[in-house]
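All remarks here apply to the structure that follows.
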Amino acid sequence: MTDTLVEARGLTKRFDDLTAVDGIDFDIHQGEAFGFLGPNGAGKTSTMKMITTVSPITEGKLTVFGLDPTTQGRSIRQRIGVVPQEDNLDLELTVSENLYIYGRYHDMSRAEINPRITELLEFAQLSDRRDSTVEPLSGGMKRRLTIARALINDPDLIILDEPTTGLDPQARHLLWDRLYRLKRDGATLIITTHYMDEAEQLCDRLVVMDQGKIVAEGSPRELIEQYAPREVLELRFDDEQRDDAVIKMDGVAARSEVLADRVLLYTDDADDTQRALHDRGVHPEQVLVRRSTLEDVFLRLTGRRLID
Amino acid sequence: MSVSAPSRISGIGRLTPFRAQRIWEHNYIAYRRLWKVVFSGFFEPVFYLFSVGVGIGALVGDVSGPGGVPVSYAAFVAPALMAASAMNGAVIETTFNIFFKLRFQNVYEGILTTPMQPADIAIGEIGWALLRGVLYSSTFIIVMVVMGLTTSWLAILAIPGSVLVGFAFGAVGLAATTYMRSWQDFDLVTLATMPMFLFSGTFYPLDVYPPAIQLVAKISPLYHGTELLRGFTLGVLDWTMLVHALFLLVMGLIGAAIANRRLDAMLRK
Amino acid sequence: MTVLSRSLRVAESEAIAYRRTWRGTVISSFINPILFLAAMGAGLGSLVDSGSGELAVPYLAFVATGLMAASGMQNGATDGSFPVMAGILWRKNFIGAISTPISPSDIIYGRFLWAMLRLTFVLVVFAVIAVLFGAMEIGPALLAVPPAVLTGLGFLTVITSWTVTQKDGLSLSTLFRFAIVPLFLFSGTFFPISQLPGFLQPVAYVTPLFHGVELVRKIALPGVDASVVTSIPMWIHFAYLLTMVAVGLYLSTRLLDKRLRP
Ligand SMILES: Nc1ncnc2c1ncn2[C@@H]1O[C@H](COP(=O)(O)OP(=O)(O)OP(=O)(O)O)[C@@H](O)[C@H]1O
Ligand SMILES: [Mg+2]
């Protein structure tokens, strides 16, 4: 099937003796939004950099648009747009000049670029900052400009490494909306994110990476069904009662997790569990019932280690 | 859209092996606002020239120029200052400015996600540095003409000569910058250029030194630049100038090759 | 705390920072002046002394004394510009300091004390090296250190008060290009001012470096004649430089206060 845009088999990246990406396989199809989740250092950015052809692969096979990144990097890069994890805007240039020069790097003519700049500034809601230098822009504005810059060449594949980090909620929702529209117009998106709501909103399919390996793969729905019981009970206790309650609750749910401020019970039927708690004489101060989310899956798969 | 759809890139962009001119375009845009700073760099060698012309020259009198011909002290020093201005322009550009873009702004990492390649960056930046050097040296030679410090038509050749100086120092400067770790390392740039400026036969013929020190001074690339330009502006041609030119060319090529290899390794990890 | 003890704290913080940055100043403070001494004094000197013979002292001695004052200027100007801008804009250590009992004027006085110490050290080293080159006698050379330090402090304070009014670092490079370098080249360091075109001579006489150079020369080269120095009495040079320091201190404390506590 020719609609595979990116294909990786046994893809590996090593820095000296550190294996950042450890033999991963994935296919990204034309027109989908594909997510990479994973804790810090999982190897997401390393994978993105190999796809954007700026980082040579150590081992395995990778094709982008059916092309080989090692020998056909330039042809690949003509058709992608990249939002790096860390902004690398040119602080010496103004907002519009940043867009202009990237258009030139893509060999677009001035006549092609100028209307595009207007359009993209509109898109990024930066029209009124067009001639301002980049330095004094706020963090979120810089991020939006970086995203606009990635779109200057009307790319077929857009690679976004944590695109919404540092954005305020309005800007995030705006960006989701814009990304959704790009996808609707036929673009393919690759996204890494630490926001599970974002992944649920945007991604058709995603993989969870941990320590260089892919530990789960599927649509957000599938992953939740596969890795987390349907519902979660979040219980809060008085400090004195808590230890006692934890002992009493043992085995009451499929899985439980004791956090500093609350206890989480994962269960397929919250009502049943609540009744069982009552029977065992557990009386939490506060009970919250919610559906399982991708976040629960993520924590389950990658452990409750520190996520920055 | 099919996966092997032809890209939009067509015409010249596809044909040129290098897109170095895009780097020039970038720098041109960035410098439009900074032209005063760039232009002010032209004055330092001119101040030196005046100081030599009105002051020190009177103390020294005539000196023996290329081929032993006596020339006024100012006419002797002027081509050396011209070479030094080409060196300084190129070195400032490829060291301080590039370091900032390379280490702090990650500008090049971004550029490499477009069809640009590391070689485009290396060639473009060296070319731009050379241009800045030549800008200084060619405005400087106008001052020399006005002050009557060169009367030979051969002086025109000093401009291509300073292209070589700019190329050699721009390329080596860029190569050196890829090894720099912090701003403190830039002291080493001063530590290299300052003695070169003072001891490359700039202010007096090398024969005031004992033979052993003369030999050391002759390794200095600026010495070769100075001698080359001095021959042209004083209108005395000599086959050793070919050696000087060759020295600068080889130095530039080696510097460019190292810079290119290092940039590639740094930016495409 | 008294003004003095607060200023000493500031001087102390400068000294601590210097432990990290001294490497950078080695080149501008020690190596550069010595290179100029070797190239211009010794190298060029051999041409000058065998040339017109207009100077009554060896050119090496002439240049060494000029460079001593110029080195004071260079060090003072550097200390009064980039680190001050850094304190306000980049490193922001001044901003940090004034959130403690330290006031802007303490910063000025503290940096002044520290500069006095550093300039003395730098210039003593220079004087000793010049003596080793055979440019001067050790006694007069050391006596000439205080006037060279005074020259440096004059530049430090006046340039500090100018720097604190500047928006960004760009103008600092302009200062060096269009003020410090011309002073270095035309204020008598490398040739007597009497060689300048007539209309420029009065300009040179009012520049601060001229007074520094004259003072150092008159002290370090006792008994030199009118081909080397002017007949202006030494107290005028002293008065000029002291006034510069006083005005500089007055202005820089005012202006820094305005800048940091608008
Ligand atoms: N240039 C490099 N040289 C050496 N090691 C590197 C380099 N780049 C990344 N690494 C290492 O590779 C591993 C994976 O890093 P990567 O940046 O891919 O993680 P990530 O999943 O993007 O993490 P984050 O969520 O924090 O962005 C880390 O251990 C990192 O230290
Ligand atoms: Mg990352």
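FYI, it's all coordinate maths here, none of it is from the lab. All values reported here derive from a predicted model rather than from experimental measurement. All Cβ positions, glycine included, derive from the backbone under ideal geometry; neighbour counts span all protein chains shown.
For the residues of B:103-109, the average number of beta carbons from a partner chain within 10 Å of their own beta carbon is 4.
Between residue A:29 and residue C:95, the simple spin-label model (points 7 angstrom out along Cα→Cβ) gives 5.3 nm. Annotation for segment C:113-202: trypsin sites (Lys or Arg not before Pro) lying in DSSP loop with at most 13 further Cβ atoms inside 10 Å of their Cβ are C:167.
Computed over the protein assembly as shown, the quotient of the alpha carbon radius of gyration and 2.2 N^0.38 Å is 1.20. Just need log10 I(q)/I(0) for segment A:127-273 at q = 0.13, 0.21 Å⁻¹, Debye formula, equal scatterers on the alpha-carbon atoms, no solvent, rounded to two decimals. These q points yield log10 I(q)/I(0) values of -0.79, -1.28. Using the Cα coordinates of segment C:54-131, the gyration tensor eigenvalues translate into equivalent-ellipsoid semi-axes of 36, 12, 8 Å, sorted from longest to shortest. Note on segment A:229-292: Cα-Cα pairs beyond 15 Å make up 40% of the total pair count.
Look at the stretch B:178-185: the mean tally of other chain Cβ atoms within 10 Å of its residues' Cβ atoms is 1. In terms of packing, defined here as the mean over residues of other Cβ atoms within 10 angstrom, the peptides A:152-163, A:96-107, B:146-157 line up highest first as A:96-107, A:152-163, B:146-157. Each part reduced to its alpha carbon centroid, segment B:209-235 and segment A:81-140 end up 48 Å apart. Counting only alpha carbon atoms, the long axis of helix B:73-92 and the longest principal axis of chain B meet at about 20°. Binning the alpha carbon pair distances of chain B at 5 angstrom intervals from zero yields the distribution 1, 6, 12, 16, 17, 15, 11, 8, 6, 4, 2, 1, 1, 0, 0, 0, expressed in whole percent.
What the Cα atoms of segment B:8-137 give is an Rg and a Dmax of 20.0, 67 Å. Computed from the C-beta positions of residue A:138 and residue B:33, the FRET efficiency with R₀ = 25 Å rounds to 0.70.
Peptides B:90-102, B:166-178, ordered by how many other C-beta atoms sit within 10 Å of their residues on average, highest first, read B:166-178, B:90-102.
On the beta carbon distance between residue C:170 and residue A:261, with R0 = 56 Å, the FRET formula returns roughly 0.60. Using just its DSSP H runs of length 4 or more, each adding -39500 (n - 2.57), chain A gives a mean residue ellipticity at 222 nm of -10500 deg cm²/dmol after division by all residues. For the protein assembly as shown, DSSP calls about 70 percent of its internal beta bridges antiparallel. Centre-to-centre separation between the Cα atoms of segment C:164-178 and those of segment C:47-107: 15 Å. Over all directions, how big on average is the projection of the convex hull of the alpha-carbon atoms in segment C:3-260, in square nanometres? For segment C:3-260, averaging the hull's shadow over all directions gives 13.6 nm².
Per-residue ellipticity at 222 nm computed for chain C from its helices equals -22000 deg cm²/dmol, with DSSP H segments shorter than 4 residues left out and the rest contributing -39,500 (n - 2.57). Taking every residue in B:62-73 and counting other chain Cβ atoms within 10 Å of its Cβ, the average works out to 1. Label positions at residue B:237 and residue B:69, each projected 7 Å from the Cα along the C-beta direction, are separated by 1.3 nm.
Taking Cα atoms, how many degrees apart are the long axis of helix A:239-248 and the longest axis of chain A, rounded to 10 and kept between 0 and 90? Roughly 80 degrees between the two axes. Relative to the longest principal axis of the Cα atoms of chain A, helix A:169-184 runs at roughly 60 degrees.
Both radii come from the Cα set of segment A:4-225: Rg as radius of gyration, Rh as Kirkwood radius; their ratio Rg/Rh reads 0.96.
Cα centroid distance between segment B:185-206 and segment A:17-50, in Å? Distance between centres, Cα-based: 50 Å.
When peptides C:39-46, B:226-233 are ranked by their average number of other Cβ atoms within 10 Å per residue, the highest-first order is B:226-233, C:39-46. In this simple spin-label model, placing a label point 7 Å from the Cα along the Cα-to-Cβ direction at both residue C:120 and residue C:243 gives a separation of 2.7 nm. Report the FRET efficiency, 1/(1 + (r/R0)^6), for residue A:181 and residue B:181, where r is their Cβ-Cβ distance and R0 is 51 Å, rounded to 0.05. Result of the calculation: an efficiency of 0.70. A straight chain from residue A:70 to residue A:9 at 0.36 nm per residue would run longer than the Cα-Cα distance by 20.5 nm.
When the convex hull of its Cα atoms is viewed from all sides, segment B:79-158 shows a mean projected area of 6.2 nm².
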